[in-house]
Amino acid sequence: MKDDLGDDDFQEVTGLFLEEVEEKLKALILNAPQANADDLHFLKGSAANLGFEGFRALCEQMEQTPETASLDELRLLYEQSKSAFLDGLLAG
């Protein structure tokens, strides 16, 4: 995606993605324990676009089997994925 957009546009797009993901994640946590399938679906798609594979997989699992939902685990995995992503941007 970075090659297609260029550095400036890529940073803008990823910043927007991260903001939207964080807003949806907050909404899920505030509405706990009921996980909203639409929010999980949105998070899954955003995670796929950013390459957050583990986070994407957990969103998909939670979307398909809500009884397995662990919002604490989801939040932690997001923070880890975001940190690795930002570290990769700084290194590359």
Query raised in the report: Among all residue pairs at least 6 apart or on different chains, which show Cβ distances below 7 Å where the first residue, located in the stretch 1-18, is at pLDDT below 75 and the second is surrounded by 13 or more Cβ atoms within 10 Å (Cβ to Cβ) and part of a helix (DSSP H, G or I)?
Result: M1/F10; K2/F10; L5/V13
Query raised in the report: So which helices (runs of 4 or more DSSP H) are wholly in the stretch 28-92 and hold at least 2 residues that are basic (K, R) and in contact with a helix residue (DSSP H, G or I) (Cβ under 8 Å, 6 or more places away or on another chain)?
Result: 71-91
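So, in the stretch 23-46, how many residues would count as being out of contact with any Cys (no Cβ under 6 Å at 6 or more places or on another chain), free of Cβ contacts under 8 Å to residues at least 40 places away in the same chain, within 13 Å of Y78 (Cα to Cα) and not hydroxyl-bearing (S, T, Y)? Can you show your working first?
The first filter runs over the stretch 23-46 and keeps only residues out of contact with any Cys (no Cβ under 6 Å at 6 or more places or on another chain), leaving 23-39, 41-42, 45-46.
Right, trim to free of Cβ contacts under 8 Å to residues at least 40 places away in the same chain and you get 23-24, 26-27, 30-39, 41-42, 45-46.
In the following step, the residues that additionally are within 13 Å of Y78 (Cα to Cα) were identified as 23-24, 26, 46.
Now drop any that are not not hydroxyl-bearing (S, T, Y), which leaves 23-24, 26.
Residues in the stretch 23-46 being out of contact with any Cys (no Cβ under 6 Å at 6 or more places or on another chain), free of Cβ contacts under 8 Å to residues at least 40 places away in the same chain, within 13 Å of Y78 (Cα to Cα) and not hydroxyl-bearing (S, T, Y): 3 in total.
Name every residue in the stretch 48-61 that is modelled with pLDDT of 90 or more and either surrounded by 13 or more Cβ atoms within 10 Å (Cβ to Cβ) or closer than 14 Å to E20 by Cα (or both), in order of residue number.
Listed by number, the residues that qualify are A48, F52, G54, F55, R56, A57, L58, C59, E60, Q61.
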Query raised in the report: Of all the residues that make up the stretch 64-92, how many are under 14 Å from the mean Cα position of the chain (by Cα), open to solvent by less than 50 Å² (accessible area, probe 1.4 Å) and over 19 Å from G15 (Cβ atoms)?
Result: 3
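The values are calculated or read from the model by the stated rules, or taken from the named source; none is laboratory data. On a predicted model such as this, the values are computed, not experimentally measured, just so you know. Cβ: placed from backbone, ideal geometry, glycine included. Neighbour counts: every protein chain shown. These area figures cover heavy atoms from the full protein model, side chains too; ligands, DNA and RNA do not enter into them. Shrake-Rupley method; radii C 1.70, N 1.55, O 1.52, S 1.80 Å.
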